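These notes are about the structure you will find just below.
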Ligand code: FES
C-alpha cells in the first residue's frame, strides 16, 4: 500500500528500512525516504506503519522465528 504519494513510498519500503537500517523515528524516516516532507498528508499513516514495523522488529529480535510462524 502506498503511504506517501509525493515520494512513492510504500509500507513495504518502511518495513524494509526498519529491518535493514534500524530506523525507528519519523525523523529518520524523513531523512531516508522523504516521507512527510512535501504535502505532509502521509505523516499520520507513516507514523502508524513505522510504529507497527518497529514493534514487529522488536518482537522478531526477542523471539526469532515466532513472527514467521504467525
Ligand atoms: S503524501 Fe507524503 S509528503 Fe505528500
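None of the figures in this text is laboratory data; all of them are computed from the coordinates on show. Treat the numbers as computed from the prediction; the structure is a model and nothing was measured. Reconstructed Cβ throughout: ideal geometry from the backbone, glycine too, with neighbour counts over all protein chains shown.
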Filter result for residue 35 (near the ligand (Cβ under 9 Å from one of its atoms), in contact with a helix residue (DSSP H, G or I) (Cβ under 8 Å, 6 or more places away or on another chain) and not in a helix (DSSP H, G or I))
yes
Residue hits (the stretch 1-25; surrounded by 12 or more Cβ atoms within 10 Å (Cβ to Cβ), within 12 Å of the ligand (Cβ to nearest atom) and assigned to a loop (DSSP other than H, G, I, E, B)) are 6, 7
Filtering the stretch 4-25 down to residues that are free of Cβ contacts under 8 Å to residues at least 40 places away in the same chain and over 23 Å from residue 62 (Cα atoms) yields 5, 6, 7, 8, 9, 10
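Going through the stretch 38-54 one residue at a time, which ones are part of a helix (DSSP H, G or I) and either surrounded by 17 or more Cβ atoms within 10 Å (Cβ to Cβ) or within 10 Å of the chain's Cα centre (by Cα) (or both)?
43, 45, 46, 47, 48, 49, 50, 51, 52, 53, 54
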